[in-house]
Each structure stands twice: as C-alpha cells, then as structure tokens.
Amino acid sequence: METQTMQTSPSTQIVNVGGYQIGGSQFTVIAGPCSIESYDQFLETAKGVKASGAHLLRGGIWKMRTSSKAFQGLGNSSFDFIKAVCKETGMSLVSEVTDARQIEEVYDVVECFQVGSRNMHNYSLLKELGMQKKPVMLKRGFAALIEEWVKAAEYITNGGNPNVILCERGIRTFETATRNTLDLNAVVYAKKNTNLPVIVDPSHAVGIRALVPSLAYAAAAAGADGVIVEVHPRPAEALSDGMQALTLEDFSTMMKRLEKILDAVERPLHKEIANVR
Ligand code: PEP
Ligand code: MN
C-alpha cells in the first residue's frame, strides 16, 4: 500500500443507507435472499428478518453466476413487487448492479448499489457509480489485494461520491474445504488505513450455512461496522446459494447471540427506524 493512499485518521466516513448511519458507533445488519425470486419469497424473508432485528434488506435482481445456465435473476420484471415489499416493511434495499446501464433503471428501487466481487475491477462501472448520489457497497474481488480494493473504492470517491462501504466477502486461497476464506486481516487493516466503513459478508466467505453465524460474530468482535447475510425461508428451494442461506430461525438465533457479542465490544445494534422510506 502506498503511503499516500493510506488514511491514518481514525475518523470514518459515515454512510447513510435508508436512515441508518453505517460506520458510526452502531452496528448494521443487512439480510435477505441471495436472489429475489418472487413477491412471496421476498416478502416472507423481509418480514422475517425485520422481526429478528435486521435493518436493511439485501436481494439480487441481476446475478453474476459462474454458469451461464444458472438462474440469472428476475431483472426489471421484479421492480414493482420489490418496491411493494420495501414499502410494506419500511425497509430499504441493497442490491447489485452488474452493468452501468442498470444504475438508472433501478435507481428508485435500491437505496444502496452493490458492486459484486467479480465486478470490483470494472472501472467503468465504478466511475459511473462515482457520479451517483446514492451509496455504494463495494465487495472485495475474490482475488484482489487490499490495495486494489482500496484503489477501486477511490474510483467512486474521486468521482464525487464519498458514500462507499467496503465489504470483505472472502478471498480465494489454497483452502477448498470452505467456499472462500474470510480475511479478517483485511477488515481490521481497512478500518485502520481507510476512512471508509467496512462490513463483512460471512455467507459468501464460508459458503456453509452452519458456519455463517460464527463468522458474523468474529466480524463483530473484530470491529466491522456491520454484516450482510443471506437468508431464505426454505434454503433447499433457493434458486441460488441455498447451501449458505440461513433459515429465518437460524437468523433469529444469530441475531440474539450477535447482540451479546456487540455488547461486549460496546457496539450496539442500531435501533429500528420507523418508516425510513
Ligand atoms: C451476492 O451478494 O449474492 C454475490 C454474488 O456476492 P459476491 O459478489 O460477493 O460473490
Ligand atoms: Mn449469493
């Protein structure tokens, strides 16, 4: 890392997503399905995660799948029912744009744009997001150095959009027992050496449902500003990433334990904001 890109100030850029200040003294939980599959599936998930204390929703509209034959997401046809679910639950959505042309199309549907791991190096997409007013959650490329991740963030911030959240989602290592390897070093390093909030995605990091909560607790203990977690009411029926999806019950259990860990590190969960939209 070059010294001129390092920020030694402990102050953090606070990023407001749907009324929640990400990067401040409180911890943010973003939860929802890998893919938005139907009105019923999204509504059931949204209501369930909200009841357990999630602050924001996640859910893929366009998916970056390894296989071109795998489910690619519902795309534009889902916009109306997604808005209805957000309105009904009072929750805001974090969702991935895989192409710069989608930014305008989906602008009224999402509160925070997600850049996926495979697109971290897509500088034309990052430049477009740098010209937007809405916040951006930038996932780390699965083979990206921390320096490359931080420099990717600068494409957005230098373009005029300071509202960037870094998301560590696991990197590819020699280890194959788990989907990826959660790099907690990157979390503490980025917290110390950038001014941006840093959240953790334990779901893609480990890829195994039973192991997801432990990594969420580790992230909280390490000082992450939040977590983004995949949840599905019936993971066996999920059209993507069912193996790593928590059930609504798993998520509820995780939230109760997470609160205790956060207590220990004096980092409370946000209180729910009524009617943030
Ligand atoms: C996702 O969030 O569903 C996703 C595709 O994540 P990543 O880009 O980290 O693989
Ligand atoms: Mn996924």
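The values are calculated or read from the model by the stated rules, or taken from the named source; none is laboratory data. Bear in mind that the values here come from a model prediction, so they are computed numbers and not experimental data. All Cβ positions, even for glycine, are placed from backbone atoms using ideal geometry, and neighbour counts span all protein chains on display. Side chains are part of the model used for accessible areas, which takes the heavy atoms of the whole protein and leaves out ligands, DNA and RNA. Shrake-Rupley method; radii C 1.70, N 1.55, O 1.52, S 1.80 Å.
List of remarks:
- Of all residues in region 74-92, none are without any contact (Cβ under 8 Å) to a residue 40 or more places away in the chain, within 13 Å of ligand 1 (Cβ to nearest atom) and surrounded by 20 or more Cβ atoms within 10 Å (Cβ to Cβ).
- Residues of region 164-183 classified as more than 15 Å from GLY207 (Cβ to Cβ) and either touching a Ser or Thr at 6+ places or on another chain (Cβ under 8 Å) or open to solvent by 30 Å² or more (accessible area, probe 1.4 Å) (or both), total: 3
- For region 231-240, filtered to residues that are more than 16 Å from ALA70 (Cβ to Cβ) and of a type in the set (A, V, I, L, M, F, W, C), the residue that is least open to solvent (accessible area, probe 1.4 Å) is VAL231.
- For ARG65, the conditions (1) of a type in the set (D, E, K, R); (2) within 16 Å of ligand 2 (Cβ to nearest atom); (3) modelled with pLDDT of 95 or more are fulfilled apart from (3).
- Qualifying residue in region 210-227 (condition: aromatic (Phe, Trp, Tyr) and within 16 Å of ligand 2 (Cβ to nearest atom)): no
- Residues in region 241-259 that are open to solvent by 10 Å² or more (accessible area, probe 1.4 Å) and touching a Cys at 6+ places or on another chain (Cβ under 9 Å) were compared, and the one that is nearest to ligand 1 (Cβ to nearest atom) is ASP241.
- Of the residues making up region 27-53, those that are more than 16 Å from ligand 2 (Cβ to nearest atom) and either modelled with pLDDT under 95 or among the aliphatic types (A, V, I, L, M) (or both) are VAL29, LEU43, ALA46, ALA51.
- Test for SER68: is it among the small types (Gly, Ala, Ser) and not in a helix (DSSP H, G or I): yes
- Residue satisfying condition, being within 17 Å of the chain's Cα centre (by Cα), part of a loop (DSSP other than H, G, I, E, B) and β-branched (Val, Ile, Thr), within set VAL109, VAL94: VAL109
- Residue that is least open to solvent (accessible area, probe 1.4 Å) [pool: residues in region 132-148 that are more than 15 Å from the chain's Cα centre (by Cα) and under 27 Å from GLY19 (Cβ atoms)]: GLN132
- Meets criteria (part of a loop (DSSP other than H, G, I, E, B) and farther than 21 Å from ALA238 by Cα) for GLY73: no
- Members of region 117-137 found to be outside any helix (DSSP H, G or I) and either in contact (Cβ under 8 Å) with a residue 40 or more places away in the chain or away from ligand 2 (no atom under 16 Å from the Cβ) (or both), listed by number: HIS121, ASN122, MET131, GLN132, LYS133, LYS134, PRO135, VAL136, MET137
- Considering only residues in region 184-230 that are buried (at least 20 other Cβ atoms within 10 Å of the Cβ), within 13 Å of ligand 1 (Cβ to nearest atom) and not hydrophobic (A, V, I, L, M, F, W, C), the one that is farthest from LYS151 (Cα to Cα) turns out to be GLU230.
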